[in-house]
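Only one structure is covered here, and it is reproduced in the block below.
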Amino acid sequence: MLEIRSARKVFYKGQADEKVALDGLNLSLATGEFGIVIGSNGAGKSSMLNAISGSLILDSGRILINGTDVTDMPVYKRATKLARVFQDPMRGTAASMTVAENMLLADLRSHKRTLRQGLNAARRASYKERLSILGLGLENRLDTRVDLLSGGQRQSLSLIMAVGGSPDLLLLDEHTAALDPRTADIVMKATVRAVNALKLTTLMVTHNMQHAVDYGSRVIMLDAGRVRLEVTGEEKSAVTVADLIGHFSVKTDRMLLAS
């Protein structure tokens, strides 16, 4: 599970261009929950993910993962508890290496093993089984170089590599934004299969309103570093893209009235 308690972060404090990125943010995800985060540019989405992963140090507040306070934990230690997939399909893979070799690298990173163990038959069989979850045929392309894969295949491989260590929390950082609509939908379906198969607690940031409607168990809208809207349960099942866009419009109208 994930708990963010009164998280606050201010950039350029005391200067003319002071920016409040997180303004007492409170957010929690239950074990196995799939939360979808939306919000306009500057709403605090990236700051929130960076604070969770440890690359952004909070001014105040606490972050807990499965009950462990990780607020002051360095990035490398926090990485044993969470996995993150970024927007760039190549960021999580080595282009000149094969699918199997990339899987091996991820294995060594998460299990602290040595290269001497190599790509033996048992390991290759394990990779085939894990990649088959995606439904993209990558289990039959273990010896293919990653730079010969499509963008969707590379991003899906990044996902499987990221979750290989069974993290307590999976962060998806606009991981379909760099893909064309058809490929983005393929990757989202593969993501859901992996998340469900491994029962992962997941927090996904997206600008794709249709994905926010179609996937996840809860929609969370951030604005000015705070949670402004949460849609869950039956309301989530009935919400439409127009409904979500309407909330953005209401926020814009309030900003105009306040100015």
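Read-outs: derived from the displayed coordinates by stated rules, not from any lab. Here the structure is a predicted model, which means the values were calculated and not measured. Positions of Cβ are generated from backbone atoms using ideal geometry, with glycine treated the same way; all protein chains shown enter the neighbour counts.
Summed over all non-identical Cα pairs, the Kirkwood treatment of the range 152-244 gives a radius of 14.1 Å.
Taking a Cβ cut-off of under 15 Å around residue 63, the surrounding Lys, Arg, Asp and Glu residues balance to a net charge of +3, with basic ones at +1 and acidic ones at -1. Is there a pair in 77/236; 13/236; 77/128; 13/45; 19/189 whose C-alpha atoms are over 27 Å apart, and which pairs would that be? Violating the 27 Å Cα-Cα cut-off are 77/236; 13/236; 77/128; 19/189.
Hydrodynamic analysis of the range 66-147 uses the Kirkwood radius over alpha carbon pairs. Inserted into Stokes-Einstein at 4 °C and 1.567 mPa s, it gives a translational diffusion coefficient of 90 µm²/s.
With 0.36 nm allotted per residue and the present C-alpha distance subtracted, the residue 214-residue 228 stretch has 3.0 nm of extension available.
Here the 3J(HN,Hα) profile of the range 44-58, calculated from phi with Karplus coefficients 6.51, -1.76 and 1.60 at θ = phi - 60°, is x, 5, 5, 4, 5, 5, 5, 5, 5, 6, x, 7, 10, 8, 6 Hz, Gly and Pro shown as x.
For the listed peptides 10-16, 213-219, a ranking on the average number of other beta carbons within 10 Å per residue, highest first, reads 213-219, 10-16. Say R0 is 45 Å: what FRET efficiency, to the nearest 0.05, do residue 140 and residue 62 get from their beta-carbon distance? With a Förster radius of 45 Å, E is 0.50. Residue order for 93, 240, fewest other beta carbons within 10 angstrom first, comes to 240, 93.
Relative to the current alpha-carbon distance between residue 189 and residue 121, full extension at 0.36 nm per residue lengthens the span by 21.6 nm. Diffusion of the range 1-78 by Stokes-Einstein, at 25 °C in a medium of 0.890 mPa s and with Rh set to the Kirkwood radius over alpha-carbon pairs, works out to 188 µm²/s. Within the range 2-258, antiparallel bridges make up roughly 60 percent of the DSSP beta bridges whose residues both belong there. Which distance in nm do the two modelled labels at residue 240 and residue 76 give, with both placed 7 Å along the Cα-to-Cβ direction? With each label point 7 Å from Cα toward Cβ, the separation is 5.3 nm. In the chain, helices alone account for a calculated mean residue ellipticity at 222 nm of -11500 deg cm²/dmol, with every DSSP H run of four or more residues adding -39,500 (n - 2.57).
Computed over the chain, the percent of Cα pairs more than 30 Å apart is 31.
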